[in-house]
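Peer 1: Sharing a structure with you now.
The values are calculated or read from the model by the stated rules, or taken from the named source; none is laboratory data. Keep in mind it's a predicted model, so treat the numbers as computed, not measured. When we count neighbours, we look across all protein chains shown, and the Cβ atoms used for this are built from the backbone with ideal geometry, even at glycine. The accessibility values were calculated without ligands, DNA or RNA, using every heavy atom of the protein model including side chains. Shrake-Rupley method; radii C 1.70, N 1.55, O 1.52, S 1.80 Å.
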Amino acid sequence: TNSPTSWSWTINGGTPSSFTAQNPGGVVFNTAGTYSITLAATNACGNDTMIKTNYITVNSAATASAGSDAIICAGSAYTLSGSRGGSATGSTWTTSGSGAFDNASIAGATYTPSAADKTAGSVTLTITTNDPSGPCNAASDDMILTINQAATANASNDASINTGSPYTLSASIGGSATSATWTTSGTGTFNNNASLTATYTPSNADNIAGSVTLTLTT
């Protein structure tokens with residue numbers, strides 16, 4: 001008021017984005033705390049200065065991190081590496097699936113997938129902070145937990161053959177397994193040790209020993 005001819009802004013702790021007459025534009029505060037903003041106006045005579053100071057309290061924003069995406073094998077539990085910060089004092093984990101947390105209120109909770117989670121193949125796990133007092137909002141973040149099916153192998157039933165005869169196997173694999181290999185405890189040979197229906201021909205040492213163990217590994 002009273003037609004001042006010059007303006008002087010003082011901002012303790014902040015960086016003004018611009019100064020235009022009595023409107024300083026936006027002021028960016030990068031750190032929580034209480035800041036003073038002072039405006040001094042001088043009239044044309046240069047001997048009448050009016051000073052006005054306001055104070056702004058800046059709260060820390062709540063932060064949340066769910067950690068990186070991860071992959072586990074079906075049947076395993078997963079210990080999360082979440083974190084919270086800023087003005088957040090608590091947090092809660094939720095799942096898009098139907099598994100269970102050992103303690104959803106701790107950042108490093110352990111999640112055990114349900115049968116439905118395993119069938120789906122993945123779940124989204126979300127950490128959400130409490131809503132801090134003041135103007136700052138709650139924060140949240142999520143991660144994807146991929147659940148791979150366990151590999152399975154079935155070498156079929158034990159069998160007996162005559163000395164000198166080969167034996168054709170009948171095996172199967174499942175889960176996330178895409179291939180398998182046969183090995184023998186003896187010294188015989190497979191016509192194709194990568195085939196589930198490989199034929200095994202015992203060696204003379206196998207015949208003398210009277211038996212061998214054939215193992216299928218995915």
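Peer 1: What percent of all Cα-Cα pairs in the range 126-180 falls in each 5 Å bin, counting up from 0?
Peer 2: Going from the shortest bin to the longest, the percentages are 4, 12, 12, 10, 8, 8, 7, 6, 6, 5, 6, 4, 4, 3, 2, 2, 1, 0.
Peer 1: Would you mind getting the accessible area per residue of the chain, heavy atoms of the protein chains only, 1.4 Å probe, in Å²?
Peer 2: Spelled out: the 1.4 Å probe surface of the chain, per residue, equals 58 Å².
Peer 1: Report, to the nearest whole %, how much of the accessible area of the range 120-187 belongs to carbon and sulfur atoms, 1.4 Å probe, protein only.
Peer 2: 42 percent
Peer 1: Another question, if that's okay. HN-Hα J couplings of the range 131-147 from phi, Karplus 6.51/-1.76/1.60, θ = phi - 60°, integer Hz, Gly and Pro as x?
Peer 2: Using θ = phi - 60°, the values come out as 8, x, 5, x, x, 7, 8, 5, 10, 8, 7, 9, 9, 9, 9, 8, 10 Hz.
Peer 1: In a GNM of the chain with a 10 Å cut-off on Cα contacts, which of S65, S122, S176 has the highest mean-square fluctuation?
Peer 2: Fluctuation is largest for S176.
Peer 1: Work out Dmax and Rg for the chain from the C-alpha atoms and quote the Rg first, both in angstrom.
Peer 2: Reported Rg and Dmax, both Å: 35.7, 122.
Peer 1: Mind checking which of I71, N192, S114 is farthest towards the positive end of the chain's charge dipole, using Cβ charges of +1 (Lys, Arg) and -1 (Asp, Glu) about the Cα centre?
Peer 2: I71
Peer 1: Once every DSSP H run of n ≥ 4 in the chain is given -39500 (n - 2.57) and the sum is divided by its residues, what mean residue ellipticity at 222 nm do you get, rounded to the nearest 500 deg cm²/dmol?
Peer 2: Rounded to the nearest 500, the figure is -1000 deg cm²/dmol.
Peer 1: Name the residue farthest towards the positive end of the dipole of the chain from the options S81, G99, T146, assuming +1 on Cβ of Lys and Arg, -1 on Cβ of Asp and Glu, about the Cα centre.
Peer 2: S81
Peer 1: Now a separate question. Given H placed 1.01 Å from N in the peptide plane, which residues other than close sequence neighbours of G175 have an amide H under 5 Å from its amide H?
Peer 2: Here T152 satisfy the definition.
Peer 1: Just how many % of Cα pairs in the range 104-218 lie over 22 Å apart, if you round to the nearest whole percent? Write out the running numbers ahead of the final one.
Peer 2: Details: 3736 of 6555 pairs.
That fraction is 57 percent.
Peer 1: Follow-up. Give the whole-number value, in cubic angstrom per residue, of the convex hull volume spanned by the C-alpha atoms of the range 59-172. Intermediate values should be presented prior to the final figure.
Peer 2: Working: hull volume 12.2 nm³, N = 114.
Taking the convex hull of the Cα positions in the range 59-172, it is 107 Å³ per residue.
Peer 1: Sort largest first and round to whole Å: the equivalent ellipsoid semi-axes of the range 175-218, each the square root of five times a Cα gyration tensor eigenvalue.
Peer 2: Result for the range 175-218: semi-axes of 23, 10, 6 Å.
Peer 1: Looking at the range 36-163, what % of its DSSP beta bridges pair antiparallel, to the nearest 5?
Peer 2: Around 85 percent of the beta bridges assigned by DSSP in the range 36-163 are antiparallel ones.
Peer 1: Taking the Cα centre of the chain as origin, work out the dipole magnitude from +1 charges on Lys and Arg Cβ and -1 charges on Asp and Glu Cβ, in debye rounded to 20.
Peer 2: With only Lys, Arg, Asp and Glu charged at Cβ, the dipole is about 320 debye.
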